[in-house]
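Input: a single structure, listed below in structure tokens.
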Amino acid sequence: MGVSTTARAGELADNLAFVRGRIAAACAAAGRDPAKITLIAVTKTFPASDVRLLAGLGIAEVGENRDQEAAPKAAECADLPLTWHFVGQLQTNKARAVAAYADVVQSVDRARLVSALSAGAVRAERTLRCLVQVSLDERPGGRGGAAPAEVPGLAGLIAGADGLELGGVMAVAPQGADPARAFERLARIAADLRAAHPEATAISAGMSGDLEQAVACGATHLRIGTALLGGRSAIVR
Ligand SMILES: *Cc1c(COP(=O)(O)O)cnc(C)c1O
């Protein structure tokens with residue numbers, strides 16, 4: 001390893017230890033087992049070399065939000081034992097491409113996307129795990145996601161689609177809202193979903209700024225970018 005690679009590896013190791021400490025403290029406060037929480041490193045805007053370093057530090061799950069960036073990165077890291085999560089808003093015409101490398105699509109928020117992902121998964125002869133992205137924004141036109149009332153219908157479509165598997169729900173806390181309130185609402189939606197689909201156990205909630213509230217509200221998956229990798233130079237939603 002060159003000097004700069006070694007320095008970056010040390011920085012990522014420090015960040016990871018700090019994040020793991022935060023998760024452990026949040027679990028202790030909530031009486032939860034940290035082993036039941038999956039940490040997803042959201043590597044958007046960071047190079048494949050960072051993904052490789054994180055894999056060397058024990059990270060097994062990575063998240064990306066743009067197909068143009070994720071596809072080549074996943075290809076460069078194809079030798080690593082990683083689970084790839086697609087967490088960004090997904091255009092229907094990109095669904096087939098994403099189905100070729102993603103293991104989990106967390107941002108399923110409309111029926112047309114379900115059919116496009118199903119077609120892509122069948123064509124690629126893969127099984128894609130899908131989470132229903134729920135909008136917790138009281139005002140319409142937020143950052144994507146289905147309205148809570150649409151969740152049962154979408155979940156049923158996913159559960160019945162060839163090549164797809166229903167995993168659970170995902171949400172981003174609305175800007176300016178109390179994340180704890182948003183994640184409590186998500187937990188209720190997830191409980192209703194599990195009543196109909198017991199296999200749909202995933203609750204993907206919590207980012208760098210609100211992972212504690214997410215753990216307190218039962219999150220099973222945390223999507224952490226900034227706290228692990230550092231600040232992103234461009235605003236990438
Ligand atoms: C970028 C992103 C994250 C990570 O956010 P940080 O605040 O950097 O931890 C999580 N989820 C989604 C959907 C994202 O787009």
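Structure data summary
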item: Any hit, the stretch 180-189, residues being in contact with an Asp or Glu (Cβ under 9 Å, 6 or more places away or on another chain), more than 15 Å from the ligand (Cβ to nearest atom), without any contact (Cβ under 8 Å) to a residue 60 or more places away in the chain and small (G, A, S); result: yes
item: Unique residue being closer than 20 Å to A187 by Cα and either free of Cβ contacts under 8 Å to residues at least 60 places away in the same chain or of a type in the set (A, V, I, L, M, F, W, C) (or both) when the list is G153, G120; result: G153
item: Residue satisfying all of: in the stretch 146-166; crowded, with 18+ Cβ neighbours inside 10 Å and closer than 19 Å to A99 by Cα; nearest to the chain's Cα centre (by Cα) among these; result: L166
item: Qualifying residue in the stretch 76-89 (condition: of a type in the set (D, E), part of a helix (DSSP H, G or I) and more than 29 Å from A182 (Cα to Cα)); result: yes
item: Filter result for R194 (more than 18 Å from the chain's Cα centre (by Cα) and under 18 Å from R32 (Cβ atoms)); result: yes
item: Matching residues in the stretch 26-71 - criterion: being without any contact (Cβ under 8 Å) to a residue 40 or more places away in the chain and of a type in the set (A, V, I, L, M); result: A28, A35, A48, V51, A55, A60, V62, A70, A71
item: Subset of the stretch 193-212 (residues that are in a helix (DSSP H, G or I) and within 18 Å of I59 (Cα to Cα)); result: L211
item: In the stretch 190-212, residue farthest from S49 (Cα to Cα) [restricted to those that are within 16 Å of the ligand (Cβ to nearest atom) and among the small types (G, A, S)]; result: A202
item: Residue among V132, V215, V172 that is at negative phi, within 16 Å of the ligand (Cβ to nearest atom) and either aromatic (F, W, Y) or assigned to a loop (DSSP other than H, G, I, E, B) (or both); result: V172
item: Test: residue in the stretch 76-91 that is more than 21 Å from R223 (Cβ to Cβ), surrounded by fewer than 23 Cβ atoms within 10 Å (Cβ to Cβ) and touching a Leu at 6+ places or on another chain (Cβ under 7 Å); result: no
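Since every read-out is calculated from the coordinates, none of them should be taken as a lab result. Since we're looking at a predicted model, the values are computed, not measured. Positions of Cβ are backbone-derived with ideal geometry, glycine not excepted, and every protein chain shown enters the neighbour counts.
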